[in-house]
Amino acid sequence: MLLEKALLEKSDLQKFNMYRHLKSWESRTFTINDLSRATGLSYQQTYNSFQDLLVDLRQLTPELKNIKHNALLEARTFTVSVDQYRLFLVENSLAFMFVDYLLHCTEPTLVAFCETHFVSRSTFFRKINGLKNLLARYGLKFSYANLNIKGNEANIRLVLFYIYWLVFHGLKWPFKTVDYAAVKQQQAHLSQGMQLNELQILQEQYLLGMCATRIKTNHLLSPQADHLFPMPMIPYPVPDTLDLTEHQIATEYGFYQFYQYTGCTFTDTPKTQYFYHYCQEERNLAWQFVQELLGFFSQCCSAQLIHQMNADHVLITNLLRLATRIQYSQQIAPVAADFVEQIIQPAQHHTLAQQLTNFFDSIAANQQMAIFMRERLGMREALLQILLPYASELEKQGTLHIQLLIEDGLTSYLLESYLTTLPITTILKPQQKGITPDLIITTLDTTLLPPTTAPVFSWPLCADDNSYFVLWHRLKDIYQQKTL
């Protein structure tokens, strides 16, 4: 998990990774060699890390001190859950202790923190480097003169919420200055009529607890644009301990609704339908962005695929949510998936990534889309994740369709082998109907070909490296013309 890499030191990461493997095994016993193979560490590194792991687990389960040595190599001996061990490691990490200090302290100073934890400034800066990089993804940074997190308050709250949710995961209430009973009552009032499961209820309680903690330390939200998402007319209950004006209460309620409507989900819930129809009726900027995206793909994809995508309300709603998050925060806003290892990377879907780059180039002159252009790099990553169910179809239909009219033999074998290695080409089958080729490659004299609107590329029987080089540049030119 990316969050663990940001908060834990290398030795703690090794222990945590080892424990995850250990807890996932079904075999009754294991050896140090088993752990070594699973973690990729040397035998000596594994042995040392396992001994350190035992020290931690004995703190969590004191009865381990009385267990015989042989029993320590039995999986059933370890009763601590993975979540519990993660929480133990993170709570004892300097990076998290610093976050927790900033969250709860009304007048934090770097000197006081370093003195309390007996660390030098150089050690402190080294140990929070991963955390700094995580915050920077969302335009956030630490200010050390007046110790604080600087940046968009909505993004600060979301980052802190996801950190605390993923670390504590319902194991205990982490917000020391906020009454849990009051938050439970507040959440129950706000979720009237919603069908939430236990997990969703806990998440909302953590979000509300985070917001209350930030308010208590005088970190308030800035007003946001209207009509980005529905605002049901439910009075927003505020605990008596929070002194807010009516305008500030309305802004807090807006943030709660922002969280409700803009987190990606992959099930067709009533909330998904409600947000989809709201954007459709408003014809707001998020809706216009999605129409621009589908219009771009319609230039290189079949009408059937575009119709299928348009009919997929879950897909369209997730695209609308992404665009709305950008509008609300005026920059990339975090979602839960950002804090775990990504399912796909741009390199794994090079063609789709390039198509998305070309899409943003196509809207560069549209002033209405300026906010999306500014955040295009982060949006491209998010779009890759959202479009994953359609990635193979989009990439296949976004490629060049090549028709070969060449002698069957070594020449055709070498050329076909080359073309199949390229991510931007698809070879049409002989006599394939319904698809107009983007390029015809032939060894025939062009005067012998039947009339065609497709460009023709003459291929020599004695092709050399230069022939392939010239062909590649021709293919690249046609591909850019097709996808721009």
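The values are calculated or read from the model by the stated rules, or taken from the named source; none is laboratory data. For clarity, every value in this text was computed on a predicted model and none was experimentally measured. Every residue, glycine as well, gets a Cβ built from its backbone with ideal geometry; the counts of neighbours run over all protein chains shown.
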* **Hits in the stretch 81-96 - residues which are crowded, with 16+ Cβ neighbours inside 10 Å and among the hydrophobic types (A, V, I, L, M, F, W, C)** => LEU87, PHE88, LEU89, VAL90, LEU94, ALA95, PHE96
* **Qualifying position, being in contact (Cβ under 8 Å) with a residue 24 or more places away in the chain, touching a strand residue (DSSP E or B) at 6+ places or on another chain (Cβ under 8 Å) and within 19 Å of LEU2 (Cβ to Cβ), among LEU94, LEU135, LEU102** => LEU135
* Matching entry among LEU190, LEU207, LEU199, LEU158 (being closer than 30 Å to ARG121 by Cα and in the same structural domain as GLN257 (by TED's automatic domain parsing)) -> LEU158
* Kindly establish whether GLU107 is outside any helix (DSSP H, G or I) and among the charged types (D, E, K, R). => yes
* Asked: Got a sec? Which of ALA112, ALA75 is at pLDDT below 95 and either touching a Ser or Thr at 6+ places or on another chain (Cβ under 9 Å) or assigned by TED's automatic domain parsing to the domain that holds LEU135 (or both)?
  -> ALA75
* Asked: Is there a residue in the stretch 145-160 that is closer than 28 Å to GLU252 by Cα, of a type in the set (Val, Ile, Thr) and either in contact with a strand residue (DSSP E or B) (Cβ under 8 Å, 6 or more places away or on another chain) or modelled with pLDDT under 95 (or both)?
  -> yes
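From the list ALA225, ALA212, ALA181, which one is surrounded by fewer than 13 Cβ atoms within 10 Å (Cβ to Cβ) and modelled with pLDDT of 85 or more?
ALA181
Condition first: touching a helix residue (DSSP H, G or I) at 6+ places or on another chain (Cβ under 9 Å) and over 16 Å from TYR253 (Cα atoms). Now tell me which residues in the stretch 187-219 satisfy that.
MET194, GLN195, LEU196, ILE201, LEU202, GLN203, LYS216, THR217
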* Asked: If a residue has to be surrounded by fewer than 20 Cβ atoms within 10 Å (Cβ to Cβ) and within 14 Å of ASN92 (Cα to Cα) to count, how many in the stretch 13-25 make the cut?
  -> 1
* Test set (1) more than 28 Å from GLY170 (Cα to Cα); (2) part of a loop (DSSP other than H, G, I, E, B) - ALA112 fails condition number -> (2)
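Need at least 2 residues that are under 30 Å from THR213 (Cα atoms) per element, so show me which helices (runs of 4 or more DSSP H) inside the stretch 244-301 make the cut, counting only ones lying wholly within it.
Output list reads 246-262, 270-282.
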* To do: Among the candidates VAL82, VAL55, single out the residue that is closer than 30 Å to LYS176 by Cβ and within 25 Å of the chain's Cα centre (by Cα).
  => VAL82
* State all residues of the stretch 3-51 that are closer than 24 Å to TRP165 by Cβ and assigned to a loop (DSSP other than H, G, I, E, B); if no residue qualifies, say none. => LEU8, GLU9
* Structure fact -> Apart from one, (1) crowded, with 18+ Cβ neighbours inside 10 Å; (2) under 15 Å from ARG214 (Cα atoms) all hold for LYS176; the odd one out is (1)
* Of the residues that sit in the stretch 442-469 and are exposed (fewer than 13 other Cβ atoms within 10 Å of the Cβ), free of Cβ contacts under 8 Å to residues at least 12 places away in the same chain and not acidic (Asp, Glu), which one is nearest to ASN358 (Cα to Cα)? -> PHE469
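Within the stretch 36-46, can you find the residues that are under 13 Å from TYR19 (Cα atoms) and either at pLDDT 90 or above or not aliphatic (A, V, I, L, M) (or both)?
Of everything in the stretch 36-46, those that are under 13 Å from TYR19 (Cα atoms) and either at pLDDT 90 or above or not aliphatic (A, V, I, L, M) (or both) turn out to be SER36, THR39, THR46.
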* To do: Tell me which residues, restricted to the stretch 97-156, are among the β-branched types (Val, Ile, Thr) and loosely packed, with under 14 Cβ neighbours inside 10 Å.
  => THR106, VAL111, THR116, THR123
